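Single-structure report; data block below.
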Amino acid sequence: MTTQQSSLVITAIPAFNDNYIWAIANSAGDVVVVDPGDAVPVEAYLTKTGQTLRAILITHHHADHTGGLIELCKAREIQVYGPSGNHINGITQSVLDGDSLTLIGTQFMVLAVPGHTLDHLAFLMRMPDSPLPDDKFSLFCGDTLFAAGCGRLFEGSPEMMYTSLLRIGALPEDTHIYCAHEYTLNNLGFAIEAEPDNLHIMRRQKKESEKRHQGLPTLPTTIFEELRTNPFLRCHSVCLKKQVSAHMAQELHSDLETFVYLRRWKDQF
């Protein structure tokens, strides 16, 4: 599955049971790959397309996002950009929040989005031929924000994760979101439990089910879609608060508390 974003082509490379490795290619056949947990499907993609791997972006340290690094870099002199701390074998250049990279003629801004892990980053890509400074963004966000969901809190605090989600949710609404897993239908099943009267979720459930029936990815999504249908970006909703409070038998006093108990509910779903 490929999507055309401006002069770039973004391709989902399936890996494992439900991972997506994202390949971003320009018209010259230069490619940046995001979170290659497995080298084999990436090598197959490069052989099939005849494209050249120029750089790798890593969002966080989990093996299903980093497992292919060493193999991909064996016979190539390429830069691997990712979290600082020297805990990920294969990273050649550590990056921090606010850093800017120019790769294959395209600008990437680094965003720190901890919560799922403490080292989690996202990469905000601006289309190279967009005439407007705030238009045509794409975000590669690993396991922080999913379509209709968010990542589990393996290392960070709820405050960290909720702050990261709010940061992503504040991006322009037409920003395309490329997360790393095909969890959409499961997430929408939970979303409809959390907001049973949300007609946007019902319509999205049908639309995404049709895509999966055809063997298509449900990604990318957009900030606009997530603000309407992702309960983890809707903790301000009075109706959602009431549903979470009733299900978890917990009185809620803030959006953050709503997020905490919503995440606990999802963990049990």
task: State the number of residues belonging to region 69-98 that are over 19 Å from Tyr178 (Cβ atoms) and either free of Cβ contacts under 8 Å to residues at least 12 places away in the same chain or assigned to a strand (DSSP E or B) (or both).
output: 7
query: Do any residues in region 206-221 that are closer than 13 Å to Leu188 by Cα have Cβ atoms under 7 Å from those of residues that are among the basic types (Lys, Arg), where the two are at least six apart or on different chains, and which pairs are they?
result: Thr218/Lys211; Thr218/Arg212
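So that you can scan it fast, the table gives a plain yes or no per residue for (1) at pLDDT below 95; (2) over 21 Å from Gly115 (Cα atoms):
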position: Glu195; (1), (2): no, yes
position: Arg203; (1), (2): no, yes
position: Gln214; (1), (2): no, yes
position: Pro217; (1), (2): no, yes
position: Glu251; (1), (2): yes, yes
position: Thr258; (1), (2): no, no
position: Tyr261; (1), (2): no, no
task: State the number of residues belonging to region 113-130 that are more than 16 Å from Asp35 (Cα to Cα), in contact (Cβ under 8 Å) with a residue 24 or more places away in the chain and in contact with a Ser or Thr (Cβ under 9 Å, 6 or more places away or on another chain).
output: 6
- request: Residue by residue through region 99-113, note down the ones that are more than 19 Å from Ser164 (Cβ to Cβ), aliphatic (A, V, I, L, M) and not in a strand (DSSP E or B).
  value: Ile104
message: Contact list please: Cβ distance under 9 Å, first residue in region 166-182 and of a type in the set (Phe, Trp, Tyr), second residue modelled with pLDDT of 95 or more and part of a loop (DSSP other than H, G, I, E, B), pairs at least six apart or on different chains.
response: Tyr178/Leu219; Tyr178/Pro220
field: Test for His116: is it at pLDDT 95 or above, in a helix (DSSP H, G or I), buried (at least 20 other Cβ atoms within 10 Å of the Cβ) and not small (Gly, Ala, Ser)
entry: no
statement: Flagged in region 171-190 as assigned to a helix (DSSP H, G or I), in contact with an Asp or Glu (Cβ under 9 Å, 6 or more places away or on another chain) and of a type in the set (A, V, I, L, M, F, W, C), in numbering order, are Leu185, Leu188
- prompt: For region 219-245, how many residues are over 12 Å from Phe259 (Cα atoms) and hydrophobic (A, V, I, L, M, F, W, C)?
  reply: 6
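The values are calculated or read from the model by the stated rules, or taken from the named source; none is laboratory data. Since we're looking at a predicted model, the values are computed, not measured. For neighbour counting, all protein chains shown are included, and Cβ atoms are generated from backbone atoms with ideal geometry for every residue, glycine included.
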